[in-house]
Amino acid sequence: MQNRRAQREEQIYEGLLRLWTQNSDLHTITVQQIADACRIGKGTLYEYFSSREEIFAKAFLYRLENEFSHLEESLRKTQSFEERLKVLLRAADRVLEMQNVGAQVLAVCSGETNELEQFCTRMNRSYAQRVEELLALTVQQGVEEGVLRKPESMRYAVLAIFSGLTGYISYRRAHPSEEGVEQDTIQILLRSLR
C-alpha cells in the first residue's frame, strides 16, 4: 500500500512540475489544474495532501531531491577533478533556474506556516550536509590527481569551493549571458586550493 501511495504522490508531483514549466506565475495554478495534469480527480488529491500549499512544498522538495540525486550520480561518474567542478557549476546553473520557482513556492506557502516551516527545515538540514559531502569528495579527487595540495583543513577547502559556487551563482544572476564565467570560476577555485 505504501508503494502505491508513493507512486501516486510522485505522479502528482510530476503533474505539478509540468505545470510549473508551462506557467510562470505559480499563484494562478489551481488544485483542479493539478488534478487535470495528473489525470486524477480533485478529491483524490486531497486523499494525499491536505492543501494546495502542501502539494507545492512537497513537489518542490521532490524536484530538489531529484536534482541532488542527479548531481550525486553525475559526480560519481565523473573521473577528473576539473570535470567535477564543471558538473558542480552546471548544478549551480540549475539552482539559478530553481530559485524563481523556490521563491514562488515560499510565497504560495506563506499562508500555511506549518508547511513553510517544514519546507525550510527539511531543506536546511538534509541538503547542507549532502553538499558538504559532495564538495569534500571533489576536493579528495583533486588531491588524488595531484591537482590540489592536501588541505590543512577540509573545511577550508569545502568552504573555498562553496564560496566559488556561490560567487558563480551571484555573478550569473547579474550577467546571465556572459561567456567564460565557468572557466574563470574554475581558475579561481584552482588558485585558492593549490
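What is the number of the single condition among (1) closer than 20 Å to residue 7 by Cα; (2) not assigned by TED's automatic domain parsing to the domain that holds residue 133; (3) not charged (D, E, K, R) that residue 57 does not meet?
(2)
Give the residues of the stretch 15-49 that are closer than 25 Å to residue 97 by Cβ and of a type in the set (Ser, Thr, Tyr), sorted by residue number.
21, 24, 28, 30
Only one of (1) surrounded by 15 or more Cβ atoms within 10 Å (Cβ to Cβ); (2) assigned to a helix (DSSP H, G or I) fails for residue 32. Which number is that?
(1)
Can you pull out every residue in the stretch 162-187 that is outside any helix (DSSP H, G or I) and more than 16 Å from residue 86 (Cβ to Cβ)? Before you say what the answer is, go through the steps one by one.
Here is the first cut: in the stretch 162-187, the ones outside any helix (DSSP H, G or I) are 175-180.
Hits for the stretch 162-187 are 175, 176, 177, 178.
Going by the structure shown, is residue 190 closer than 17 Å to residue 86 by Cβ and assigned to a loop (DSSP other than H, G, I, E, B)? Steps first, answer last, please.
On the way: closer than 17 Å to residue 86 by Cβ: yes; assigned to a loop (DSSP other than H, G, I, E, B): no.
Criteria not met by residue 190.
Out of the residues in the stretch 145-191 meeting the condition of being of a type in the set (Ser, Thr, Tyr) and exposed (fewer than 15 other Cβ atoms within 10 Å of the Cβ), tell me which one is nearest to the chain's Cα centre (by Cα).
Applying the filter and picking the extreme gives 166.
For the stretch 162-173, which positions are of a type outside the set (D, E, K, R) and in contact (Cβ under 8 Å) with a residue 60 or more places away in the chain?
Going through the stretch 162-173, the residues of a type outside the set (D, E, K, R) turn out to be 162-171.
If the condition is that a residue be of a type outside the set (D, E, K, R) and in contact (Cβ under 8 Å) with a residue 60 or more places away in the chain, then 165, 168, 169 are the ones that fit.
Considering only residues that are part of a helix (DSSP H, G or I) and not aliphatic (A, V, I, L, M), which ones fall in the stretch 146-161? Steps first, answer last, please.
Applying the first criterion (part of a helix (DSSP H, G or I)) to the stretch 146-161 yields 154-161.
The answer is 155, 156.
Identify the residue in the stretch 1-17 that is among the charged types (D, E, K, R) and modelled with pLDDT under 90 and, among all such residues, is surrounded by the most Cβ atoms within 10 Å (Cβ to Cβ).
Checking each candidate, the answer is 5.
Are there any pairs with C-beta distances below 9 angstrom linking a residue in the stretch 144-161 that is under 17 Å from residue 82 (Cα atoms) to a residue that is among the basic types (Lys, Arg), with the two at least 6 apart or on different chains, and if so which?
147/194; 148/194; 149/194
Looking at (1) touching a Leu at 6+ places or on another chain (Cβ under 7 Å); (2) at pLDDT 70 or above, which is the only condition residue 122 fails?
(2)
Return the pairs, sorted by first residue and then second, in which the second residue is outside any helix (DSSP H, G or I), the first residue lies in the stretch 40-64 and is among the hydroxyl-bearing types (Ser, Thr, Tyr), the beta carbons are less than 7 Å apart, and the residues are 6+ apart or on different chains.
Pairs found: 51/112.
Looking at the stretch 37-66, which of its residues are charged (D, E, K, R) and either over 25 Å from the mean Cα position of the chain (by Cα) or surrounded by 16 or more Cβ atoms within 10 Å (Cβ to Cβ) (or both)?
First, the residues of the stretch 37-66 that are charged (D, E, K, R): 39, 42, 47, 52-54, 58, 63, 65.
If the condition is that a residue be charged (D, E, K, R) and either over 25 Å from the mean Cα position of the chain (by Cα) or surrounded by 16 or more Cβ atoms within 10 Å (Cβ to Cβ) (or both), then 39, 42, 47, 52, 53, 54, 58, 63 are the ones that fit.
Does residue 69 meet the test of being touching a residue at least 40 places away in the same chain (Cβ under 8 Å), surrounded by fewer than 20 Cβ atoms within 10 Å (Cβ to Cβ) and of a type outside the set (Phe, Trp, Tyr)? If you could, list the steps in order and put the result at the bottom.
Details: touching a residue at least 40 places away in the same chain (Cβ under 8 Å): no; surrounded by fewer than 20 Cβ atoms within 10 Å (Cβ to Cβ): yes; of a type outside the set (Phe, Trp, Tyr): yes.
For residue 69, the condition - touching a residue at least 40 places away in the same chain (Cβ under 8 Å), surrounded by fewer than 20 Cβ atoms within 10 Å (Cβ to Cβ) and of a type outside the set (Phe, Trp, Tyr) - is not met.
Does at least one position in the stretch 150-163 carry a residue that is hydrophobic (A, V, I, L, M, F, W, C), more than 19 Å from residue 98 (Cβ to Cβ) and in contact with a Gly (Cβ under 7 Å, 6 or more places away or on another chain)?
Taking every residue of the stretch 150-163 in turn, none turns out to be hydrophobic (A, V, I, L, M, F, W, C), more than 19 Å from residue 98 (Cβ to Cβ) and in contact with a Gly (Cβ under 7 Å, 6 or more places away or on another chain).
The values are calculated or read from the model by the stated rules, or taken from the named source; none is laboratory data. These figures come from a predicted structure and were not determined experimentally. Counting neighbours? That spans all protein chains shown, and the Cβs are built from the backbone with ideal geometry, glycine included.
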